[in-house]
1. So what's the angle, to the nearest 10 degrees on a 0 to 90 scale, between helix 394-406 and the longest Cα principal axis of the chain?
2. For the range 38-123, what mean projected area does the convex hull of the alpha carbons give, in nm²?
3. What angle do you read, to the nearest 10 degrees and between 0 and 90, between the alpha-carbon axis of helix 490-500 and the longest principal axis of the chain?
4. When Lys and Arg each count +1 and Asp and Glu each count -1, what net charge do the other residues less than 13 Å away from Arg494, Cβ to Cβ, add up to?
5. Please figure out what share of the DSSP beta bridges in the chain is antiparallel and state it in percent, rounded to the nearest 5.
6. Where the centre of each part is set by its Cα atoms, how far does the range 149-185 sit from the range 489-510, in angstrom?
7. Remind me, relative contact order of the range 338-484 in percent, using alpha carbon pairs under 8 angstrom and six or more residues apart?
8. Report the extension gain between Lys322 and Ile442 in nm, rounded to one decimal, defined as 0.36 nm multiplied by the number of residues separating them, less their alpha carbon distance.
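The values are calculated or read from the model by the stated rules, or taken from the named source; none is laboratory data. All figures in this text were calculated on a predicted structure; none of them were measured in a lab. Neighbour counts run over all protein chains shown; Cβ positions are idealised from the backbone, glycine included. All accessible areas refer to the heavy atoms of the entire protein, side chains included, with ligands and DNA or RNA removed. Shrake-Rupley method; radii C 1.70, N 1.55, O 1.52, S 1.80 Å.
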Amino acid sequence: MKSLAPRGFLVVRQSKGAMTSPNAQPTKRAKLTKPAKRADRFHLTTAIPYVNARPHIGHVLEWFQADVINRYQRLLGKRVMFTSGADENSLKNVQAAEKAGVPVSDWLDKYAQIFQDAYQRLGIELDEFRRGSDQTKHWPGVQQLWRATDQAGDLYKKTYTGLYCVGCECFYKPEELVDGRCPQHQESPQQVSEENYFFRLSKYQRQLRLLIETDQLKIVSEKFKKEVLSFIDQGLEDFSVSRRAGRARGVGVPVPGDDSQVMYVWFDALTIYMTALGWGYDHQRWLRFWPADVHFIGKDILRFHAVYWPAILLSAGLPLPKAISVHGFLTADGRKMSKSLGNVVDPFQLIERYGLEPVRYYLLRYIPSHGDGDFSYDSFERLYTAELANGLGNLCSRVAALCHRAGLAGGDGQAGADQLPAFSPQVAARLDELELGEALEIINQRVAAADQFLSDTAPWTKRVEAQAEVLRAAVQQIVQIATNLRPFLPQTSRAILEHFRQQRVAALAPLFPRLEQS
Ligand SMILES: [Zn+2]
């Protein structure tokens, strides 16, 4: 559809002298050369969450998914940048801080720290965590991107009246509401009327459609790709990218050259993907890693990532991310998790009870990589028992015990990781396609096959030499399984590899103790 804005309404050009950011740079024209990113470099991101509550199990699911790809790409020998950040310039945060009776900056500091601690606790090593309130390493980049879209003629000002949900930080059309309420928050949106800057999203409709259709911007999985294409086919309307500074309560990145406006929180938050690399303050570093190879997100923010964000980048003449990996929602025992139902699953309590890697395994294996999933203690314990305690754990203990009893040299005694076998091509293919659950399924089949091999060959019935041969083959299978598991279960796979690559394989304590009957 056509933009409603009259021509000549582009008011954002006069950006000199009226800058409002405390870190305003002279308006040097952004150097928008296309990055010549080398094939051995990889950039991946998790979504940029609001930091107004503790991380929930949905965050943890997404972080584990991203961390698998982070580790996998590093193991392939690539130079990886794994980045995230905090979406802080949001009215939601102001309201939460007020409710708690603390200054907003204290509130933001507290939660940014909680999120960073959570990453650490989960064994996830980010290369960069960029906070939206960072006026040195974030704001200049957002303003640079704003100016680039402005220079492309894609920003204009108009008066707009709409229904705004603060929870979502977006406008809704009346027909998108359910009984007059936001479908995500079940709250009535506010009627808002003000003059804002708009971005010419409509201009990019055809180009975006083509890029997504042809997988140049790959949306994983197919179901979500179709969802985005059908959204685009309904017609893209220009969207508001600024707020009146007053309504935003002064929170937000100032619009260059117009201090009556601050930027829309999504315009600002999405840019964290680039400012985490250096966009706006370290151009060379940004050039080395942009574009992102994959953004990991939840399905509720698909539209922002698959439509708004790439359109802004197209406008600025910047390369688009290559893929978006979309996960679904988690329920608990078939019901939506909510405080009032008292069924919210705390991922950290779960880890406390069962251990970090079993929880990681469950979320990656049992919960669909790109669909909704349901958590239950029952399914958790069943999977743990079947695949970790009785599966992988038992296989390792069994083979170790046999080697020990036979007094056999198991591994080759090599300690160096460089001697490890490569990823199996089937597992690598699933990882390349961001189908993590499928990769784990293949690995689990190999565990079952190795078990079967032991039963079939029954080395304990054989004479010394034949026994040694069978056990060496079994050890080799275990080493291969553990190699493929490295991105998924880093600690467990390391323990297995260290154990079975010794000159003499000793007995092995259970990797996954059996659960007490509850
Ligand atoms: Zn909402």
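1. It works out to around 30 degrees.
2. Working: hull surface 25.0 nm².
If you wrap the Cα atoms of the range 38-123 in a convex hull and average its projections, you get 6.3 nm².
3. Long axis of 490-500 versus the principal axis of the chain: about 20 degrees.
4. On the way: positive: Arg71, Arg486, Arg501; negative: Glu357, Glu498.
That works out to +1.
5. Values: 24 of 47 bridges.
Around 50 percent of the beta bridges assigned by DSSP in the chain are antiparallel ones.
6. Distance between centres, Cα-based: 55 Å.
7. Details: 96 pairs, mean separation 40.9, N = 147.
Reported as a whole number, the value is 28 percent.
8. On the way: separation 120, 0.36 × 120 = 43.20 nm, distance 2.58 nm.
Length gained between Lys322 and Ile442: 40.6 nm.
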